[in-house]
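Contents: one structure, followed by commentary.
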C-alpha cells in the first residue's frame with residue numbers, strides 16, 4: 001500500500017509540474033506579446049494609376065508610417081507592402097489607431113483629390129519580428145486582413161472590433177472621403193499628436209488660405225486634441 005501510495009504521489013507531482021510548466025510558457029508568450037494597432041489597406045482604383053502614381057502613393061504611406069513612429073508613446077512601428085497595391089502597418093500604440101488611419105488618408109489625398117486607400121483597423125496582442133508586418137502574427141493582424149477582404153463597396157475605413165469603434169471609423173470615413181487636397185494638406189499637419197494650434201499648422205504650410213481650410217476642418221468635426 002505504501003509503495004502504491006508513493007507511486008500515486010509521484011504521478012500527481014509530475015502532473016502538477018507539467019501543469020506549472022505549461023502555465024509558465026503561456027505567461028511567457030503573453031509577456032512577449034505587444035499590444036498593436038494594425039492597419040491593412042489597398043489603394044482604391046489602383047488600376048487607373050500609372051506605375052509612377054502607384055509607387056508615389058505607396059511611398060507616401062511608408063513615409064506616414066515613419067512619421068507615426070515618432071509620435072509620443074510609439075516605440076515599435078512596421079510597414080510592408082503586400083502584393084501589387086496592398087500594404088500593412090502596425091505600431092504599439094492602439095490608442096492612435098483611428099488618428100493614424102486618418103493621417104495616412106490625409107498624406108495620400110494631398111497627392112491628388114482622387115487618391116485614396118481602403119483601410120481595415122484592428123487592435124490586440126501580437127508579435128512582429130524585425131518590425132516586419134509580413135512576419136507578424138497575432139489576432140489583430142489576422143482580424144485586420146480579414147476585415148479588409150470583407151469591406152463592402154464604397155467603404156474605405158472600418159474597425160474589426162465592431163460597436164462604437166466601428167461606428168466612429170465609418171463616420172470618419174464618410175467625412176474623409178470628401179476631403180479636398182487643401183484640406184488633406186492642412187489635416188496632415190494637424191493630426192499628429194502635439195501638432196499645436198490650427199494657426200501654427202497654417203504657419204508651417206506657409207500658405208494663408210490653408211488657415212481657412214483648417215478652420216473649416218475644425219467646424220466639420222476634425223479638430224484633433226493637443227493632448228495624447
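The values are calculated or read from the model by the stated rules, or taken from the named source; none is laboratory data. What you see is a predicted model, and the numbers here were worked out from it, not measured in a lab. Positions of Cβ are generated from backbone atoms using ideal geometry, with glycine treated the same way; all protein chains shown enter the neighbour counts.
Scan the range 50-63 for residues that are under 19 Å from residue 188 (Cα atoms) and either modelled with pLDDT under 95 or in contact with a strand residue (DSSP E or B) (Cβ under 8 Å, 6 or more places away or on another chain) (or both) and jot them down. Within the range 50-63, 57, 58, 61, 62 meet the criteria. On the basis of being assigned to a helix (DSSP H, G or I) and modelled with pLDDT of 95 or more, does residue 167 make the cut? Considered against the rule, which asks whether it is assigned to a helix (DSSP H, G or I) and modelled with pLDDT of 95 or more, residue 167 comes out as yes.
In this structure, residue 47 qualifies as part of a helix (DSSP H, G or I) and at pLDDT below 95.
Evaluating residue 228 against the criteria (1) under 23 Å from residue 67 (Cα atoms); (2) over 17 Å from the mean Cα position of the chain (by Cα); (3) at pLDDT below 70 leaves one unmet condition, (2).
Scanning the range 173-186 for residues that are under 15 Å from residue 117 (Cβ atoms) and touching a helix residue (DSSP H, G or I) at 6+ places or on another chain (Cβ under 6 Å), we see that the one that is surrounded by the fewest Cβ atoms within 10 Å (Cβ to Cβ) is 176. Within the range 139-155, not a single residue is in contact (Cβ under 8 Å) with a residue 40 or more places away in the chain, closer than 17 Å to residue 97 by Cβ and either outside any helix (DSSP H, G or I) or in contact with a helix residue (DSSP H, G or I) (Cβ under 6 Å, 6 or more places away or on another chain) (or both).
Test residue 68 against the criterion of being under 12 Å from residue 192 (Cα atoms) and touching a helix residue (DSSP H, G or I) at 6+ places or on another chain (Cβ under 6 Å), and give yes or no.
The answer is yes for residue 68.
Quick grid of which residues meet (1) under 28 Å from residue 48 (Cβ atoms); (2) buried (at least 22 other Cβ atoms within 10 Å of the Cβ); (3) within 12 Å of the chain's Cα centre (by Cα):
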position: 113; (1), (2), (3): yes, no, no
position: 120; (1), (2), (3): yes, yes, yes
position: 124; (1), (2), (3): no, no, yes
position: 128; (1), (2), (3): no, yes, no
position: 139; (1), (2), (3): no, no, no
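Restricting attention to the range 62-116, the residues that are free of Cβ contacts under 8 Å to residues at least 40 places away in the same chain and assigned to a strand (DSSP E or B) add up to 1.
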